[in-house]
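Q: Okay, here's the structure, questions in a sec.
The values are calculated or read from the model by the stated rules, or taken from the named source; none is laboratory data. Only a predicted model underlies this, so the values are computations on that prediction, with no experimental measurement involved. Because the Cβ atoms are built from the backbone with ideal geometry, glycine has one as well, and the counts that use them run over all protein chains shown.
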Amino acid sequence: MAERDLETLLKTLKVKRHEGTWRFETIPAEASSWADLISLRDVRDIAMLFHEDEGLSLITRALDATPTSNRWVWLELSVYSDLQAVGFLAAVSKALSAASIPCNAVAAYHHDHVFVPEDKAEAAITALEQLANNA
């Protein structure tokens, strides 16, 4: 069952590092279509797709040519957080901010996820484990 209690969420927080490196990209609205998505899915992994007014935002597996500034590690916050839980991502973001680690958060149905710069992944995992230990 999904958890809403912040203290319980933090105490039971586990961090799962997904394999690979990921990147953020966009397909402008005037150039995006479902046909694009079908062909993109066949070319490389899509971790997330979100429709915005400006176009489609995607998180996909990074390519060898992906610049360092757009290489991210996907960390799953492995606790079943309720979509109406209050403060969980704020606490995660605060812990990462205190360690000078930027993050991009994605709330999904079962878990929340953060994408952190590839070169700060281990520090991010440590910061999140400390957050759970101190809860």
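Q: What are the residues in segment 96-126 that are surrounded by fewer than 21 Cβ atoms within 10 Å (Cβ to Cβ) and either among the basic types (K, R) or part of a helix (DSSP H, G or I) (or both), if any?
A: If the condition is that a residue be surrounded by fewer than 21 Cβ atoms within 10 Å (Cβ to Cβ) and either among the basic types (K, R) or part of a helix (DSSP H, G or I) (or both), then S97, A98, E118, D119, K120, A121, E122, A123, I125, T126 are the ones that fit.
Q: I'd like to check something: does segment 85-96 contain any residue that is at pLDDT 95 or above and more than 16 Å from L10 (Cα to Cα)?
A: So far as segment 85-96 goes, no, none of its residues is at pLDDT 95 or above and more than 16 Å from L10 (Cα to Cα).
Q: Right, E52: within 30 Å of R4 (Cβ to Cβ) and over 17 Å from the mean Cα position of the chain (by Cα) or not?
A: yes
Q: At pLDDT 95 or above and either hydrophobic (A, V, I, L, M, F, W, C) or surrounded by 13 or more Cβ atoms within 10 Å (Cβ to Cβ) (or both), is that true of A47?
A: no
Q: Among the residues of segment 50-79, how many are buried (at least 19 other Cβ atoms within 10 Å of the Cβ) and more than 26 Å from T126 (Cα to Cα)?
A: Total satisfying the criteria: 2.
Q: Regarding I101, is this residue of a type in the set (V, I, T), assigned by TED's automatic domain parsing to the domain that holds D5 and touching a residue at least 60 places away in the same chain (Cβ under 8 Å)? Break it down stepwise before answering.
A: Values: of a type in the set (V, I, T): yes; assigned by TED's automatic domain parsing to the domain that holds D5: yes; touching a residue at least 60 places away in the same chain (Cβ under 8 Å): no.
Here the answer is no, as I101 does not meet what is asked.
Q: Further question on the same structure: Using beta carbons and a limit of 7 Å, which pairs, at least six apart or on different chains, have the first residue in segment 16-28 and under 16 Å from L49 (Cβ atoms) and the second one β-branched (V, I, T)?
A: Short answer, once both residue conditions are applied: W22/I59; W22/T60; R23/T60; R23/T66; F24/I59; E25/T60.
Q: Could you please let me know if T26 is of a type in the set (S, T, N, Q), at pLDDT below 95 and out of contact with any Gly (no Cβ under 8 Å at 6 or more places or on another chain)?
A: Details: of a type in the set (S, T, N, Q): yes; at pLDDT below 95: yes; out of contact with any Gly (no Cβ under 8 Å at 6 or more places or on another chain): no.
Against the criterion (of a type in the set (S, T, N, Q), at pLDDT below 95 and out of contact with any Gly (no Cβ under 8 Å at 6 or more places or on another chain)), T26 does not qualify.
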